[in-house]
Amino acid sequence: MIQKFFLSIITTIFLTGFDARAAEPILVEAESFENHGGWKLDTQFIEIMGSPYLMAHGLGRPVADAATTITVPEAGEWKIWVRTKDWVAHWEAEPAPGRVEVIINGSPVETTFGTKGAEWHWQSGGKISLPAGKVELSLHDLTGFNGRCDAIYLTMGTEEPDNSSEILPAWRREALGIEVEPIEEKFDIAFIGGGYAGTCGAISAARMGLKTALIQNRDVLGGNGSSEVRVWAKGNTPGGLYPVGDIVQELSDQAKASPGTYEEYEDDKKLGIVRKEKNLSLFLGHHAFAVDTENNNIQSVSALETRTGKIRKFEATYYCDSTGHGYIGLKAGADTKMIEGGRMGMSNMWNWAETDEPVSFPETPWALKLDENGFPYPRKHHAEWFWESGYDKHPLNDLELIRDWNLRANFGAWNAIKNNGAYARSDESGNAHANATLTWMAYVGGTRETLQLLGDVVLTEEDILTKREFPDRCVLSTWSIDLHYPKEQYIGKYKDNPFISYAEHGRGVDRRVGYAVPYRCFYSRNIENLFMAGRNVSVTHKALGTVRVMKTGGMMGVVVGKAAAVAKQYDTTPRGVYEQYLPELIELLKIPGQKRRPDINSPFVIDPTIPKYEPSMSVSGVPLSKLDGMVVDDEKATMTGKWTRGGAGLKGFVNMGYSYTSDKEATASYDFTIPDDGTYDVRVSWQPHENRSANTTIQVNNNGDSIKESVVNQKEKPLMKYGFHSLGRIPFKKGDKASVVILGKGATGNVHADAVQLVKK
Ligand SMILES: Cc1cc2nc3c(=O)[nH]c(=O)nc-3n(C[C@H](O)[C@H](O)[C@H](O)COP(=O)(O)OP(=O)(O)OC[C@H]3O[C@@H](n4cnc5c(N)ncnc54)[C@H](O)[C@@H]3O)c2cc1C
């Protein structure tokens, strides 16, 4: 039992000051607690501070205790140490927010932990008296504000435990009785990192007949596209080249907001698809931390099981770095490029809600001191992608500091909304947000840019703008060149790390057709058996602006799975596939995701349990550039309820498709900021069909007030060019916030939502 929970008695003398006559010390890793209670298992910073840890992320409400049982060999006086930190001390903020007690057999140790030191260290809790035998140990959170604990050390001696941030240093392994356990099976390919890129890649490789491992350090799949980070998967999976988008469509959730709800991100669906693959072994909760390389070939990758500390050694013919951070390439000695600064940053998005009851929120003096002018008010009850920081910080070494800075900004803003400033007073009856509550905040940071692993082609912005055609083109990137920069007013105030960004969308990519990225961006130029997929592929910073979105990354993974099958079949390297077997790769790229084979020598068969997918985007839509005035397409509308995306059925749509719903609660809101005083023709487009609603309600709002309501018949073809219908001419003033909202309510058929256009008259 004790061994199982990563707890053991140190059997050798390894530290100075150890008293040979006393009982041997006890090391308890927090992540190995039998019951984590409300504490979160944080694995993001293992590379920085050496271990997974538990964190009390309670949004200001203390979380339930984490608890375990230990066996104490000898009654008497023990010294207790807790490895922790005061997570705001780096900024000299006070008081320490993450205060934690250790409770032993029901009584708290006198010291409060998490109150000292900007760095991870062993905080002494002084001497305690322990009985021999079974002892209950709990971590008790006092604040709900991100207190943290890596491990607890109990000793009858006088020594302070070693504070090395090496990953599971020798003394800890010895203390915990952990050995390297090579997995007996050798894999054809191991994908490390289970975001969209790695997960789609592993499914693709498995369906190609390769013995595949997928190693993921979280307990869910999807990376930024999981319920832990809540970024909606964008980019399209168009036809026009190869059907490498179908596995991506199969895996994708249908999130309607980012961040949206937990359910929208469909973690279970993603897990279910992976678990069904016979050739695919999934290792959730495994952080790959060591790479053994010989003669530019990776021999093995070792991973730490994040709850038990067990180490597994994975051997494979090929490896794919889909960690986003490029960890595997870095450790293998791959050629890399990390730009000096000005990278795209990390976000910890959050949601809030109005409730029926007053909800209090504690003052947060240790957070950023913000008032109502200090941050963008989180409209629509969520703080979105532009809550972003870390541009000039080191994207690996400073990762925990960037995340913690984001938490300070988020809590500072929420404190302003709840406790001070105009938001808190903006109602005659008192606090207008008295009933508002935080419902979710990501403690797992969403990262966008770390470093690039260099391949035989390093894709540039110029390649994209000049539409350079590579013979090995294979993945259509449909996102614009979207680069993020810190917002001016925040640079002024927070020079060290502004926390709000803006995006600049370049026009280089034709989003309907896409730009075809070559295969040579997906393998390392100097590590012979290393592929890569996702945001760490071989592109420049600017080219990353388009290829980084998740559906595009997923398609890269699918290509890697197929290229690995060619490499295996012909016993060659990823480069050898390009140089000698490109026609064979192209043949596999044509195989749809519905087909599979049990091994690389068997024929492909269609698996009828896998749904058939159509390409998500047609090239026959009306380009936005042809339309006058201001246009918001349905892809940019804010949708609530259940909408389905269409594009293959009804032609004549604007841009890349349309949306439709039979959900009576559904809404699609198209938002505009009016640029000039004047009268505007407000137009809505749809494609008629007999199953569409004859009485769709459309509201026009201005500055929150409803100013017009129309009912339209969507069975009938709109009369204006490009399928638009005019709702009438409406006067607006410069700066007005107008919205056109299409409602599912009361409709007698499917409600159709395509584009909305405002043309000044
Ligand atoms: C706030 C925000 C908004 C964004 N907006 C959009 C958007 O609207 N649409 C869109 O498509 N994209 C968007 N992006 C970009 C997109 O999310 C990323 O570029 C994308 O997630 C990259 O996918 P990936 O599979 O390469 O990596 P990730 O999604 O980062 O997944 C990598 C996974 O590998 C795991 N991992 C890392 N190291 C190890 C290791 N050593 N061992 C085992 N596992 C490991 C990580 O925990 C993670 O789960 C946004 C990003 C952010 C942060």
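The values are calculated or read from the model by the stated rules, or taken from the named source; none is laboratory data. Since the structure is predicted, the reported quantities are computational estimates derived from the model, not experimental observations. Here Cβ is always computed from backbone atoms with ideal geometry, including for glycine, and neighbour counts include all displayed protein chains.
At-a-glance table
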item: Gly324 being in a loop (DSSP other than H, G, I, E, B) and more than 12 Å from the ligand (Cβ to nearest atom); result: no
item: So Ala170, is it surrounded by fewer than 24 Cβ atoms within 10 Å (Cβ to Cβ) and aliphatic (A, V, I, L, M); result: yes
item: Tally, over region 659-693, of residues that are within 16 Å of Phe724 (Cβ to Cβ), within 37 Å of the chain's Cα centre (by Cα) and not aliphatic (A, V, I, L, M); result: 7
item: All positions within region 41-75 that are of a type outside the set (A, V, I, L, M) and at positive phi; result: Gly50, Gly60
item: Given (1) outside the structural domain of Gly723 (by TED's automatic domain parsing); (2) away from the ligand (no atom under 15 Å from the Cβ); (3) over 27 Å from Val457 (Cα atoms), index of the condition Gly629 fails; result: (1)
item: Residue count, region 484-529 (criterion: aromatic (Phe, Trp, Tyr) and either without any contact (Cβ under 8 Å) to a residue 24 or more places away in the chain or in a loop (DSSP other than H, G, I, E, B) (or both)); result: 3
item: Odd one out for Ile402 among (1) touching a Phe, Trp or Tyr at 6+ places or on another chain (Cβ under 6 Å); (2) within 12 Å of the ligand (Cβ to nearest atom); result: (1)
item: Output for region 539-553, where each listed residue is within 13 Å of the ligand (Cβ to nearest atom) and more than 21 Å from Ser347 (Cα to Cα); result: Val539
item: Residue that is crowded, with 16+ Cβ neighbours inside 10 Å, in the same structural domain as Arg473 (by TED's automatic domain parsing), part of a loop (DSSP other than H, G, I, E, B) and not aromatic (Phe, Trp, Tyr), where the choices are Ile610, Ile591; result: Ile591
item: From the options Ala206, Ala303, Ala290, residue that is buried (at least 20 other Cβ atoms within 10 Å of the Cβ), at negative phi and within 14 Å of the ligand (Cβ to nearest atom); result: Ala303
item: From the options Ser480, Ser501, residue that is within 16 Å of the ligand (Cβ to nearest atom), hydroxyl-bearing (Ser, Thr, Tyr) and modelled with pLDDT of 95 or more; result: Ser501
item: Subset of region 215-272 [over 30 Å from Arg379 (Cβ atoms), near the ligand (Cβ under 8 Å from one of its atoms) and of a type in the set (S, T, N, Q)]; result: Gln216, Asn217
item: Which listed residue, of Lys418, Lys393, Lys369, is in a helix (DSSP H, G or I), touching a residue at least 24 places away in the same chain (Cβ under 8 Å) and farther than 19 Å from Ala442 by Cα; result: Lys418
item: Test: residue in region 642-659 that is out of contact with any Pro (no Cβ under 8 Å at 6 or more places or on another chain), surrounded by 15 or more Cβ atoms within 10 Å (Cβ to Cβ), outside any loop (DSSP other than H, G, I, E, B) and among the small types (Gly, Ala, Ser); result: yes
item: Flag for Arg575 being assigned to a loop (DSSP other than H, G, I, E, B), more than 16 Å from the ligand (Cβ to nearest atom), at pLDDT 95 or above and surrounded by fewer than 24 Cβ atoms within 10 Å (Cβ to Cβ); result: no
item: Flag for Val102 being crowded, with 18+ Cβ neighbours inside 10 Å and out of contact with any helix residue (DSSP H, G or I) (no Cβ under 8 Å at 6 or more places or on another chain); result: yes
item: All positions within region 729-748 that are over 17 Å from Asn702 (Cβ atoms) and small (Gly, Ala, Ser); result: Gly744, Gly746, Ala747
item: Residue within region 193-201 that is within 13 Å of the ligand (Cβ to nearest atom) and surrounded by fewer than 21 Cβ atoms within 10 Å (Cβ to Cβ) present; result: no
item: Residue under evaluation Thr540, criteria (1) surrounded by fewer than 24 Cβ atoms within 10 Å (Cβ to Cβ); (2) farther than 28 Å from Glu462 by Cβ, criterion not met; result: (2)
item: Unmet criterion (only one of (1) under 23 Å from Trp350 (Cα atoms); (2) in contact (Cβ under 8 Å) with a residue 24 or more places away in the chain; (3) more than 12 Å from the ligand (Cβ to nearest atom); (4) of a type outside the set (A, V, I, L, M, F, W, C)) for Gly445; result: (3)
item: Criterion violated by Glu184 - all others in (1) at pLDDT 95 or above; (2) in a strand (DSSP E or B) satisfied; result: (1)
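Let's see how each residue does on (1) over 30 Å from Phe672 (Cα atoms); (2) touching a residue at least 24 places away in the same chain (Cβ under 8 Å); (3) touching a Gly at 6+ places or on another chain (Cβ under 9 Å):
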{"site": "Glu584", "(1), (2), (3)": "yes, no, no"}
{"site": "Pro592", "(1), (2), (3)": "yes, yes, no"}
{"site": "Arg597", "(1), (2), (3)": "yes, yes, yes"}
{"site": "Asn601", "(1), (2), (3)": "yes, yes, yes"}
{"site": "Ile606", "(1), (2), (3)": "yes, no, no"}
{"site": "Ile610", "(1), (2), (3)": "yes, yes, yes"}
{"site": "Ser616", "(1), (2), (3)": "no, yes, yes"}
{"site": "Gly621", "(1), (2), (3)": "no, yes, yes"}
{"site": "Leu624", "(1), (2), (3)": "no, yes, no"}
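Conditions tested, residue by residue: (1) within 15 Å of Thr644 (Cα to Cα); (2) of a type in the set (S, T, N, Q); (3) in a loop (DSSP other than H, G, I, E, B).
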| residue | (1), (2), (3) |
| --- | --- |
| Pro238 | no, no, yes |
| Gln249 | yes, yes, no |
| Gln254 | yes, yes, yes |
| Thr261 | no, yes, yes |
| Gly272 | no, no, no |
